[in-house]
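Right, one structure below, let's go through it.
The values are calculated or read from the model by the stated rules, or taken from the named source; none is laboratory data. Here the structure is a predicted model, which is why all the values come from computation and not from measurement. Reconstructed Cβ throughout: ideal geometry from the backbone, glycine too, with neighbour counts over all protein chains shown. Surface accessibility is based on the protein's heavy atoms, side chains included, excluding ligands, DNA and RNA. Shrake-Rupley method; radii C 1.70, N 1.55, O 1.52, S 1.80 Å.
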Amino acid sequence: MNFRTTLQAVLLINIGNKMRKKKLIILIVCFVIVLTVGGVLLANFLIAQNKPIAIKIVSISHKSTYYIGEQLDTSNLLVVLMSENKQLRYLSGDEYTVEGFDSSKAGSVTLIVRYGEFTTQYTVTVKELPPERPSYLSLEIYIMPTKTVYNIGENLNVDGGYLKINYTDGTYDIVELLYLMTYGFSSDVAGTVTVNVKYLNMYTSFEVTVVDPEQSN
């Protein structure tokens, strides 16, 4: 093989190597492009799947009944953010707002929960203030016991007696007078005797007469 032939062979080998390198570079570039495009498509797909679509209230113990004048209470309200693939994320209380609350009058009130462009709602009930329970005011004898005159040595008998319990709102109750409500009675000596009555930490009294049968004769 002469020099010229050898040179041609070397040139052909170099050209072949360059062609192979060029093809390899092209393949690598194509592979990188495919990976890049595929990655972008996959990322877009995942983003689309996780794209928020709505918010929803999932709590069942949040406050839903109020009295007139009460402040809004959302401490037990649970709101979730829903995505295309049904994934849920709980929202913290400072991520959403609750609008439309009004406790100035009784009735149903629809509240709007807002997170960005998404809204949902729930209803609460506002009630009239409960009537204030009246307090005890006084105790008095409503009907005197049937027996009001006793002989010396007789025991107290309060049958037929009734008490009146007065309340601060002007109402009252009537209850039967019982022996265990009384104290201070004594029939040892003839005369007028005061019988004290205690009921519900209130006091009243009535008078009976004790007579000496021997003096009456």
* Asked: How large is ³J(HN,Hα), in whole Hz, for each residue of the stretch 144-149 in order, when computed from phi with the Karplus curve 6.51 cos²θ - 1.76 cosθ + 1.60 and θ = phi - 60°, using x for Gly and Pro?
  -> 5, x, 4, 8, 10, 10
* Asked: From the cross-link list LYS63/LYS86; LYS127/LYS164; LYS147/LYS198, which pairs have alpha carbons spaced over 30 Å apart?
  -> LYS127/LYS164
* To do: Heads up, I need the accessible area for ASP188: 1.4 angstrom probe, whole protein in place, Å², nearest 10.
  => 120 Å²
* Asked: For the stretch 136-195, what is the charge dipole size about the Cα centre, in debye to the nearest 20, if Lys and Arg each add +1 at the Cβ and Asp and Glu each add -1 at the Cβ?
  -> 100 debye
* To the nearest 10 square angstrom, what accessible area does LEU139 show with a 1.4 Å probe? -> 10 Å²
* Taking the stretch 42-146, which trypsin sites (Lys or Arg not before Pro) meet the DSSP loop condition and have no more than 15 other C-beta atoms within 10 Å? -> LYS63, LYS86, LYS105
* Asked: Under a point-charge model restricted to the Cβ atoms of Lys and Arg (+1) and Asp and Glu (-1), what is the dipole moment magnitude of the stretch 116-158 relative to its Cα centre, in debye to the nearest 20?
  -> 180 debye
* Hand me the GluC sites (Glu not before Pro) from the stretch 60-143 located in a DSSP loop with no more than 15 other Cβ atoms within 10 Å, in residue order please. => GLU70, GLU84, GLU95, GLU117, GLU128, GLU132
* To the nearest 10 square angstrom, how much accessible area does TYR136 have with a 1.4 angstrom probe? -> 110 Å²
